[in-house]
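Some notes on the structure that comes next.
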Amino acid sequence: MHNGRTTLSKFLIQQLKGSPELSDLAALLIDIAAAVKAISAMTAKGELGDVLGSLETQNVQGEIQKKLDVMSNTAFVNTFALGGLVAGLASEEMDDPIVIEAQDEPGRFLAIFDPLDGSSNIDINVSVGSIFSVLRAPKGRVPEVKDYLLSGREQVAAGYAIYGPSTMLVLTVGKGTHGFTLDREVGNFILTHRDMQIPEDTSEFAINASNERFWEPPVQRYVAECKNGRTDVRGRDFNMRWIASMVADIHRILLRGGVFMYPKDTKDLSKSGRLRLMYEANPMSFVVEQAGGIGSTGRQRILDIQPEEIHQRVPVIIGSRNEVDRIERYHQEYENGSDEQYKSPLFQERSLFAS
Ligand code: AFP
């Protein structure tokens, strides 16, 4: 029936059997899968389920909340509260973390999540997702905000759900990145993408090109070279994609390579990027790096950042190893002024494009 494939539960038990200190982690991830199934059912109803449209409320980011933002957040909160495996949780949709009252013994983990990523796509029926990150909870006391502010390297698990033509759960516990497809007939997640590997090279980049005038020079340089294709230093043509759902763009990159960029820009100097470190950049970087890719701000690896606040934003450049390496090099050359020697042949003095 499933070509010898295995289920999420069986796979996690196998992956974690050598880690007794993570004994509850498999159960926690299965709880997360249950919340994903509930959200998948909600999104699949569309207009018929009265789940579309926005509320009058704003989240801590100052963004108008979609109905499904709040419904998805509630699905995760209820799942975690019932499961008793987390001591506390933080969400894009909640100003502050909340403590989960211990049932028999306190939960060993902290969950941080974006319950519905890409929600601006909900009303136009384009793929959206959920993103989650799992950290160890402090021992012997109720978690405080400082306990969430651990670097991405401290994550014990991370992953995302994508609510597309099929619903998939892609996750890592630090032993590779693996994809599971929801079999709606039996209501179980089946391992369909074992040990995903991102191609090191790509000819596809993802960025919101309408922000070009706000980017820093190294990003402008990289994108210009991609757009110039075979006529410039890259020697081959590139393709561009931008779904405006980070989960959908990253999923494509995991499957066929690419680089996703939401870089630092001067559009809003009060923000050091659009995407949030704790529940977007960190979990996605863990998943991508376990698949052989890189997650960077352009100047440092995302997983090395020491968080300062739950909702802090960072620049994100993530995907195929050789492309992210190149973009990091361009940032270094920009910082040390050595990119002045860089001039595409198109812009040499006697070239057609000489200004
Ligand atoms: P929403 O959840 O508000 O739709 O934002 C989605 C997102 O955080 C990320 O998933 C997208 O890659 C990015 O924003 C899209 O940003 P732009 O709308 O500026 O292109």
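The values are calculated or read from the model by the stated rules, or taken from the named source; none is laboratory data. Everything quoted here is computed from the prediction, not taken from an experiment. Cβ: placed from backbone, ideal geometry, glycine included. Neighbour counts: every protein chain shown.
Some values worked out for this structure:
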read-out: Unmet requirement for G62, which otherwise passes all of (1) closer than 30 Å to N125 by Cα; (2) surrounded by 15 or more Cβ atoms within 10 Å (Cβ to Cβ); (3) not basic (K, R); value: (2)
read-out: Qualifying residue in the range 162-171 (condition: outside any loop (DSSP other than H, G, I, E, B) and surrounded by fewer than 22 Cβ atoms within 10 Å (Cβ to Cβ)); value: no
read-out: Test: residue in the range 95-111 that is within 25 Å of S127 (Cα to Cα) and either in the same structural domain as I124 (by TED's automatic domain parsing) or not in a helix (DSSP H, G or I) (or both); value: yes
read-out: Members of the range 58-99 found to be closer than 15 Å to L28 by Cα and of a type outside the set (A, V, I, L, M, F, W, C), listed by number; value: N78, T79, G83, G84, G88
read-out: Residue that is nearest to the ligand (Cβ to nearest atom), among those in the range 133-161 that are closer than 22 Å to S296 by Cα and part of a loop (DSSP other than H, G, I, E, B); value: Q155
read-out: Filter result (assigned to a helix (DSSP H, G or I), touching a residue at least 24 places away in the same chain (Cβ under 8 Å) and small (G, A, S)) within the range 43-57; value: A44, G46
read-out: Residues of the range 251-271 classified as of a type in the set (A, V, I, L, M) and either assigned to a loop (DSSP other than H, G, I, E, B) or within 9 Å of the ligand (Cβ to nearest atom) (or both), total; value: 1
read-out: Where S130 falls short, out of the listed (1) among the small types (G, A, S); (2) buried (at least 17 other Cβ atoms within 10 Å of the Cβ); (3) more than 14 Å from the ligand (Cβ to nearest atom); value: (3)
read-out: Pick from the range 203-226, criterion away from the ligand (no atom under 13 Å from the Cβ) and free of Cβ contacts under 8 Å to residues at least 12 places away in the same chain, ranking: nearest to I327 (Cα to Cα); value: Q220
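Quick grid of which residues meet (1) within 16 Å of the ligand (Cβ to nearest atom); (2) among the charged types (D, E, K, R); (3) more than 26 Å from S151 (Cα to Cα):
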| site | (1), (2), (3) |
| --- | --- |
| Q61 | yes, no, no |
| S72 | yes, no, no |
| V77 | no, no, no |
| L82 | no, no, yes |
| L85 | no, no, no |
| I100 | no, no, no |
| D104 | no, yes, yes |
| L110 | no, no, no |
| F113 | yes, no, no |
